[in-house]
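Each remark here refers to the structure printed beneath this line.
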Amino acid sequence: MNRMVEDLRFCIGAFFLLVGVLLAGHGVIVGTMVAGMNLNLFTGIAFALFGGLSLALSLRAVD
Amino acid sequence: MRLTLLDYSILAIYLGFVITIGLVLKRKVKDSAGYLQNKSMPLWITSIAFISANLGAQEVLGMAASGAKYGIMTSHFYWVGAIPAMVFLGVFMMPFYYGSLARSVPEYLALRFDEKTRAFNAISFAAMTVFSSGVSLYGLAILLQVLLGWSFSLSIALAAGVVMLYTFSGGIVSAIYNEVLQFFLIVLGIAPLVIVGLIQVGGFEGLTAKLPEVMMQSWRPLSTASANPMGVNAAQMILGLGFVLSFGYWCTDFLVVQRAMVAGNMRDAQRTPIIAAFPKALMPFIVILPGLIALALTKSGSPYQLPVKADGRMDYDMTLPTLLAHFYPTGLLGVGLTALMASFMSGMAGNVTAFNSVWTYDIYQAYIRPKASDKHYLFVARLANVGGILVSVATAYLATQFNNIMDLLQLVFGFVNAPLFATFLLGMFWKRATGHGAFIGLISGTLAAALTHGFTVAEGKGGWLTSQPVYEFPSGMAQALTIAIIAWSACFLVTVIVSLATKKQPDSKLKGLVYGLTPQGKTKGGAWYSNPLALGLVALALTVILNLLFV
């Protein structure tokens, strides 16, 4: 576990995935629109995708 | 501005992550080298850390403010005032920094010149970093006080405490890891604001239509100083910012150079600032564009209006925070504020870790206790970490009492920094430059800067040496750039004259330190992007294209 945390991609991935899920969840439930966009939902998905990609790269390196 | 539980949760998650990173990395620190200069970082990390160390609050808040005040001309701080110097550092200067095995920039000066030149640079740099860190802390506490009504002392304790926890535990590795996380948070946290803002003003065409022509041009208004809001002309911009200040900062400031010096090998050390140049070239779209959007919205009568101070003047420094408050819903507002906090903490941690290295290697080990055990130096480095943060906290409180003292300190440090690039340029590329020449040149350049400031005025500042100023500049920026040019020229000329009048150093002592006496590393072979020169030329070409887009 420590080896994974020492890989920066794991830290970045975990952080953005967690925040992305929170934002996207809030976007789905509350759905505040800004400039015609559900900003929390779109940003949350983007964060989660970025985080997921970073995590995948980290896990591949550990394997 | 009101934060909800979700916003506070995001802030707490971020703080939890940065502290955890520091604590986990603590076990990797086994000696002083691991704590202060760990040369094992992969290229992508050193490159992002290189720009992130500079992505402090001054850049994030200051560039949005300048965007609203000066328009797209602010991009000169990137496309003229950063990229060429970063490429120069990578291609020409890193071989000497890295190849000389110096552990810091002042130590290079000791190897190339002598101890007095190193001491001058080390002491001024160490003082500058802790005071800069204090200014950053002060700025954060004021921002949180104004935006959220937080207590000044609570904000200071929270930010300083978190930075101390992760830099004390993991040293340079922890600071760099967190700088990378902070970089992504700042970029991804502010990017949605740019997208929403552009939609609101009708895209890039709408933005251009809503703003005066001069705000969307970067070069044409520089024909004369009176034709642009910065009050500078093209010569001052190119020589003052593009050459003296830019090269002086990016090529000699240990805070940023340290990020390249921790790369695993010479080629990566060279490519670190050059690869960093690519995202750096695009940063204006993240940090300057919000300022332009804010101005366009204000001019078009939108519900968002640029903030105004109590005396009726524009409060440009609050441009970005007020835009975040206006556009971001709960959740994303927490991300935006966390990004702002990250920028303050990133600047502070960068300063503190650079201070640790210079204090331990260039002051303590060099002049106070030269032959102690490595365990002792590791202890001193950790102590310096705590001491540096405590001095920063004291500086932040000092700023609340004597705001003018902070201006004065920054001014004095500006005088010291401006001539520095002349010393390095001559030191690395002219083997005849001597230690006496470098030292007297640096003192002369600093004095020339102080005298120019003392005899001229701009926006009511300067002129402290005379009741009748010799010259009045149209703007503070024009004065600062001219002072830099004069300081650099004085340092260059005096260094050359004194060097020619003093005994030259033997060639054998300069191997690996001076161009012409240093074997050139093999950079041929491999893909084009592994060659620093080829990569640097592509970065410069990108910068030329970006400049042409906003002529």
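Miscellaneous remarks
- Output for segment B:7-19, where each listed residue is free of Cβ contacts under 8 Å to residues at least 60 places away in the same chain and either surrounded by 16 or more Cβ atoms within 10 Å (Cβ to Cβ) or on the phi > 0 side of the Ramachandran plot (or both): B:I13
- Being surrounded by 24 or more Cβ atoms within 10 Å (Cβ to Cβ), within 14 Å of another protein chain (Cβ to nearest Cβ) and either touching a residue at least 24 places away in the same chain (Cβ under 8 Å) or not in a helix (DSSP H, G or I) (or both) is a description that applies to B:L323.
- In the set (1) at pLDDT 95 or above; (2) crowded, with 21+ Cβ neighbours inside 10 Å, A:A14 fails one condition alone, (2).
- Yes/no for A:L23 being in a helix (DSSP H, G or I) and at the interface with chain B (Cβ under 7 Å from one of its Cβ atoms): yes
- Flag if B:T298 is assigned to a helix (DSSP H, G or I), in contact with a Phe, Trp or Tyr (Cβ under 8 Å, 6 or more places away or on another chain) and surrounded by fewer than 22 Cβ atoms within 10 Å (Cβ to Cβ): yes
- Taking the conditions (1) closer than 17 Å to B:A49 by Cβ; (2) in contact with a Cys (Cβ under 7 Å, 6 or more places away or on another chain) in turn, B:M93 satisfies each one other than (1).
- Residue within segment A:30-44 that is assigned to a loop (DSSP other than H, G, I, E, B), of a type outside the set (G, A, S), without any contact (Cβ under 8 Å) to a residue 40 or more places away in the chain and within 7 Å of chain B (Cβ to nearest Cβ) present: yes
- Check on B:L442, of a type outside the set (V, I, T), surrounded by 22 or more Cβ atoms within 10 Å (Cβ to Cβ) and under 20 Å from B:P229 (Cα atoms): no
- Those residues of segment A:7-63 which are of a type in the set (F, W, Y) and in contact with a Phe, Trp or Tyr (Cβ under 8 Å, 6 or more places away or on another chain), in sequence order: A:F15, A:F16, A:F47, A:F50
- Of the criteria (1) at negative phi; (2) crowded, with 20+ Cβ neighbours inside 10 Å, which one B:T4 fails: (2)
- In the set B:A366, B:A354, B:A349, B:A342, only one residue is assigned to a helix (DSSP H, G or I), surrounded by fewer than 24 Cβ atoms within 10 Å (Cβ to Cβ) and in contact (Cβ under 8 Å) with a residue 12 or more places away in the chain; that residue is B:A366.
- Residues (of a type in the set (G, A, S), away from chain A (no Cβ under 11 Å) and crowded, with 22+ Cβ neighbours inside 10 Å) located in segment B:175-209: B:A175
- For segment B:87-101, a residue qualifies if it is among the aliphatic types (A, V, I, L, M) and either crowded, with 24+ Cβ neighbours inside 10 Å or in a helix (DSSP H, G or I) (or both), and the qualifying residues are B:V87, B:L89, B:V91, B:M93, B:M94.
- For segment B:456-551, the helices (runs of 4 or more DSSP H) that sit wholly inside it and include 3 or more residues that are in contact (Cβ under 8 Å) with a residue 60 or more places away in the chain and of a type in the set (A, V, I, L, M, F, W, C) are B:476-501, B:532-549.
- Residue count for segment B:301-316, restricted to those that are surrounded by fewer than 22 Cβ atoms within 10 Å (Cβ to Cβ), away from chain A (no Cβ under 12 Å) and out of contact with any strand residue (DSSP E or B) (no Cβ under 7 Å at 6 or more places or on another chain): 9.
- Count - residues of segment B:213-232 that are free of Cβ contacts under 8 Å to residues at least 60 places away in the same chain and part of a loop (DSSP other than H, G, I, E, B): 1
- The requirement of being under 30 Å from B:F113 (Cβ atoms) and of a type outside the set (D, E, K, R) is not satisfied by B:Q468.
- Flag for A:L49 being crowded, with 19+ Cβ neighbours inside 10 Å, more than 7 Å from chain B (Cβ to nearest Cβ) and in a helix (DSSP H, G or I): no
The values are calculated or read from the model by the stated rules, or taken from the named source; none is laboratory data. Treat the numbers as computed from the prediction; the structure is a model and nothing was measured. Glycine also receives a Cβ, built like all others from the backbone with ideal geometry; neighbour counts cover every protein chain displayed.
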